[in-house]
Amino acid sequence: MPTNNALPNASSAAAPADSGPRASSDVERLRIAGLTGVDLGLEIAGPGSRSYAFIVDWHIRVLLALAWFGTVVFLNRTGVWPGVRIAYLGGLPALAIYLLYQPLIELVMRGRTPGKRQAGVRLVTRSGGTPGIAALLIRNVFRLIDMLPGFYVLGLVCCFVTRERVRIGDLAAGTLLVVDDIQRRLPTSALAAVAHGTLTPPVAELIEDLLERWDTLDPQHRITLARGVLAGIGAPAAERAHSARSESQRLREQLRGLLAQRSTP
């Protein structure tokens, strides 16, 4: 993880929360300016990883669609579902499975799919966050253009010529594919929070970095940074205490609690 030599001063850490993290990119990495002043770097995935993920997911959704269609045909022929119009009950749901597999799985798995996991990549917004349903739908609708004139030729060409290795659907949706190296960058506590949807990877990394530096900071600096991070993610901060040391301890426990949270069923 790229880091600066020192944390920012207290005035820079107390920037307005709604300014949010800012992102920029070079040829191979998406760089996000973190709330603590530590830049995060996400490696942009190349066309090879993208193609491999697509091939895996394509086989999965084709098999799922064929499995549904074949089941309906079998039940119809064996008399379990006599008189069923196969085109409606078999064909339409199979088509829906094929078309909606990608955006629905990406939504549930927070920018990932089985294919993307296998390829070691994930989908993020340009600020490093998890794409919403609107972005995912736009991205997948534009597959109709990316696939022209066949076999995704236009999309692949776009990946080779664009700075961030994106296809037309990514340009329209404001997304890009990055290397999913989170298991190397974050400890178990942060990974659990990310896996359960409690935190996004950039936020989890910011909190983990602040906690690692905690003992090297004076109490007032800790308070300023911690409150800045909590305000940036919309989390209510602990109440102010009479002493800076006591307030610092409360905020530290709150940050640790964010990493340890589990989503309830």
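The values are calculated or read from the model by the stated rules, or taken from the named source; none is laboratory data. For clarity, every value in this text was computed on a predicted model and none was experimentally measured. Virtual Cβ from ideal backbone geometry, glycine too; neighbours counted across all protein chains shown.
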Matching residues in region 233-256 - criterion: being in a helix (DSSP H, G or I) and either among the hydroxyl-bearing types (S, T, Y) or farther than 14 Å from L210 by Cα (or both) = A244, R245, S246, E247, S248, R250
Scope region 60-88; condition outside any loop (DSSP other than H, G, I, E, B) and at positive phi; matching residues | none
Regarding L186, is this residue surrounded by 21 or more Cβ atoms within 10 Å (Cβ to Cβ), at pLDDT below 85 and either under 23 Å from E106 (Cα atoms) or more than 23 Å from the chain's Cα centre (by Cα) (or both)?
-> yes
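Based on this model, can you work out whether P103 counts as in the same structural domain as V72 (by TED's automatic domain parsing) and touching a residue at least 40 places away in the same chain (Cβ under 8 Å)?
Working: in the same structural domain as V72 (by TED's automatic domain parsing): yes; touching a residue at least 40 places away in the same chain (Cβ under 8 Å): no.
So P103 does not fit the description; no.
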Mind listing whichever residues of region 118-135 are closer than 20 Å to A45 by Cβ and small (G, A, S)?
-> A119, G120, S127, G128, G129, A135
Evaluation of I138 against (1) assigned to a helix (DSSP H, G or I); (2) closer than 22 Å to G46 by Cβ (one fails), failing number = (2)
